[in-house]
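Below you'll find the structure, written out as structure tokens, and then a few comments.
The values are calculated or read from the model by the stated rules, or taken from the named source; none is laboratory data. Everything quoted here is computed from the prediction, not taken from an experiment. Don't worry about glycine lacking a Cβ; one is built from the backbone with ideal geometry, like all the others, and counts go over all protein chains shown. All accessible areas refer to the heavy atoms of the entire protein, side chains included, with ligands and DNA or RNA removed. Shrake-Rupley method; radii C 1.70, N 1.55, O 1.52, S 1.80 Å.
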Amino acid sequence: MSDIRFEDKVVIVTGAGGGIGRAHALLFAKHGAKVVVNDLGGSTQGEGANSEAALKVVEEIKAAGGTAIANPDSVVDGDKIVQCAMDNFGRVDVVVNNAGILRDKSFAKMTDTDWDLVYKVHVEGAYKVTHAAWNQMKEQNFGRIIFTSSTSGIYGNFGQANYGMAKLGLYGLTRTLAIEGRKNNIFVNAIAPTGGTRMTEGLFPPGAFEKLKPELVSPLVVYLCSEHCQETGSLFEVGGGWMGKVRWERSLGIGFNPDEGFTPEDVQANFEQLCSFENAVHPKDNIEALKELMQNIQKFS
């Protein structure tokens with residue numbers, strides 16, 4: 001095993017003024033990276049702004065002998081964050097999209113503002129920062145990008161329709177950018193972390209919150225962003241000292257003659273088989289995903 005180092009590498013971590021983002025920033029710096037500590041300093045609901053949190057993390061990094069600069073811009077101004085990295089360090093090698101907010105409400109009570117703000121920070125913000133860094137990464141033939149998904153997006157969670165939509169949407173972005181970036185040595189992965197932060201306080205039983213230290217998420221992120229790691233397009237759940245890789249699974253399904261068609265009653269009669277995961281498949285891309293469909297067409301040709 002080789003030491004994982006980031007000398008001469010520049011890392012942007014959004015939402016790095018506290019919690020998991022802070023842990024990411026500190027660990028990247030410990031491994032030699034120059035870190036842009038981005039944090040608007042707003043509330044967990046996306047209100048207000050205060051640069052003190054980011055400045056404090058920078059002070060921690062410098063006190064430990066590392067190199068970092070604070071950036072107070074909103075992620076929706078992603079070009080400013082990337083320009084900050086370029087102006088101060090001359091390059092961008094890693095982007096960790098961590099910034100996020102919560103506007104939890106049941107769907108019946110959700111407002112357009114609740115929906116729009118969550119989308120704006122999680123999806124548009126991640127897009128803006130990543131898009132601003134993309135061409136720089138292509139030119140230097142190296143890049144590592146992390147999107148922060150959530151089990152609320154993977155599995156759903158009551159009161160988080162906006163958050164779940166945004167978080168699973170980021171995995172769709174992960175998959176596509178992994179395909180587009182591979183030829184330029186840009187690898188893109190997503191994590192669905194569980195950490196004891198101000199966004200999750202009160203959600204876990206007594207004793208569990210303290211075990212969900214944000215620092216137990218960051219080692220996976222640092223490895224995924226290293227030159228040693230060739231993984232791309234993947235999604236990992238991580239937290240509390242545990243981590244696991246997530247993949248899609250699909251039933252073999254049922255097939256009808258496409259020339260003759262089929263009825264809702266045909267679906268009803270075969271629904272149990274349609275939903276059976278015996279001998280399930282795990283498509284890795286669109287080509288593999290179309291395999292059973294194409295086989296059904298060929299069967300009746």
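Picking from GLY207, LEU290, PRO264, whose Cα lies most toward the positive end of the charge dipole for segment 167-301 (charges on Cβ: Lys, Arg +1; Asp, Glu -1)?
Of the listed residues, the answer is GLY207.
Given H placed 1.01 Å from N in the peptide plane, which residues other than close sequence neighbours of SER234 have an amide H under 5 Å from its amide H?
The answer is ALA190.
Taking LYS183 as the anchor, which lysines have their alpha carbon closer than 24 Å to its alpha carbon, excluding any fewer than eight residues away along the same chain?
Within the straight-line limit of under 24 Å, LYS183 reaches these lysines: LYS9, LYS128, LYS138, LYS245, LYS284.
For Cα pairs less than 8 Å apart in space and 6+ apart in sequence, what is the mean separation divided by the residue count of segment 247-301, i.e. the relative contact order in percent?
With pairs under 8 Å counted, the relative contact order is 52 percent.
Mind putting a number on the dipole of segment 1-154 about its Cα centre? Charges go on the C-beta only, +1 for Lys and Arg and -1 for Asp and Glu, and I need it in Debye to the nearest 20.
Values: 16 positive and 19 negative charges, 65 e Å.
That gives a dipole near 320 debye.
State the percentage of accessible surface on segment 194-301 attributable to carbon and sulfur atoms; use a 1.4 Å probe and exclude ligands, DNA and RNA. Working shown, then result.
Working: 4140 of 7460 Å².
Carbon plus sulfur share of accessible area: 55 percent.
Would you calculate, for the chain, the mean residue ellipticity at 222 nm contributed by helices, counting each DSSP H stretch of 4 or more residues as -39,500 (n - 2.57) and dividing by all residues, to the nearest 500?
Using -39500 (n - 2.57) per qualifying helix, the result is -11000 deg cm²/dmol.
Taking only protein heavy atoms and a 1.4 Å probe, what accessible area per residue, in Å², does the chain have with all protein chains in place?
53
Just flag the chymotrypsin sites (Phe, Trp or Tyr not before Pro) in segment 227-292 sitting in loop per DSSP whose Cβ has no more than 16 other Cβ atoms within 10 Å.
TRP248, PHE256, PHE262, PHE277
Calculate the dipole size of the chain relative to its Cα centre from +1 charges on Lys and Arg beta carbons and -1 charges on Asp and Glu beta carbons; express the result in debye to the nearest 20. Write down the numbers at each step before the final one.
Numbers: 29 positive and 36 negative charges, 142 e Å.
With only Lys, Arg, Asp and Glu charged at Cβ, the dipole is about 680 debye.
With +1 assigned to the C-beta of every Lys and Arg and -1 to the C-beta of every Asp and Glu, and no other charges, what is the dipole magnitude of segment 247-301 about the Cα centre in debye, to the nearest 20?
Roughly 300 debye, rounded to the nearest 20.
Relative contact order for the chain: what percent, with Cα pairs under 8 Å and sequence separation of 6 or more?
Reported as a whole number, the value is 14 percent.
With a/c under 1.5 counting as rounded, go ahead and sort segment 247-301 into rounded, prolate or oblate using the C-alpha gyration tensor (a ≥ b ≥ c being the square roots of the eigenvalues; past the cut-off, prolate if a/b is larger than b/c, else oblate).
In terms of gyration-tensor shape, oblate.
Please list log₁₀ I(q)/I(0) at q = 0.07, 0.08, 0.09, 0.11 Å⁻¹ for segment 10-246, using the Debye equation with identical point scatterers on the alpha-carbon positions.
Ignoring solvent entirely, the Cα scatterers give -0.20, -0.26, -0.33, -0.50.
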